[in-house]
Amino acid sequence: MSSFTSPLWVTPLENGRDWRLIRSFTYHLGSKASRCLVKAPRHFVTDFASIPRFFWFLPDWGTYNKAPVIHDVLYSSKKIMDKPITRKQADDIFLEAMLIDFRNHKQGKLVAYLEYLAVRIFGWLAW
């Protein structure tokens, strides 16, 4: 099972919409022992989940918030460990990470797949 390496530490920015990472954290793709990593660097700025109005019933921030940061990192760099990736790969990693984030959420799988659908439909706008 994939894993996150540490808690998410952020501070709000003055615009009231974006957040800055106080500490970096890493996501291991595929399994805890994976050497394929996505690192969210210290000082990275995220808006967590940029959810279109149609999907506002989905959670955009809260307990389940590491996956959107990883997704933002992938969309901004378009790379994993200096190797180029496609938008589909970034979105698939987002789904994998959400399933980890949401594993203890009552409707976690449903929410994860709905948010994945949202990024597959609208993600091209940010890519």
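What follows is calculated from the coordinates using simple rules that are stated; it is not laboratory data. Remember, it's a predicted structure, so these values are computed and weren't measured experimentally.
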* **Relative contact order computed over the chain (Cα-Cα under 8 Å; 6+ residues apart), in percent** => 20
* Long-range amide H partners of Phe25 with built H, under 5 Å -> Ala40
* Table column - 3J(HN,Hα) (Hz), region 103-118, Karplus curve with 6.51, -1.76, 1.60, x for Gly and Pro -> 4, 9, 7, 3, 10, x, 5, 4, 4, 4, 6, 5, 5, 4, 4, 4
* Stretch gain in nm, segment Trp124-Lys78, where the contour uses 0.36 nm per residue and the Cα spacing is subtracted -> 15.3 nm
* Give a residue-ordered list of calculated ³J(HN,Hα) values for region 23-34 (Karplus: 6.51 cos²θ - 1.76 cosθ + 1.60, θ = phi - 60°; whole Hz; x for Gly, Pro). => 10, 6, 8, 10, 10, 8, 6, x, 7, 4, 8, 4
* Calculated from backbone phi, Karplus (6.51, -1.76, 1.60) coupling profile of region 5-17 in Hz, x at Gly/Pro -> 8, 6, x, 8, 10, 9, 9, x, 8, 5, 6, x, 10
* Top of Leu74, Leu21, Leu110 by mean-square fluctuation, Gaussian network on the chain, Cα under 10 Å -> Leu110
* Filter on Lys39/Lys109; Lys78/Lys106; Lys88/Lys109; Lys83/Lys109; Lys32/Lys66; Lys32/Lys79 - keep pairs with C-alpha separation over 22 Å -> Lys39/Lys109; Lys78/Lys106; Lys83/Lys109
* Which whole number in µm²/s is D for region 3-125 by Stokes-Einstein, with the Kirkwood Rh taken over Cα pairs at 20 °C and 1.002 mPa s? -> 147
* Net length gained if the chain between His43 and Arg20 were fully extended (0.36 nm per residue, minus Cα distance) -> 7.7 nm
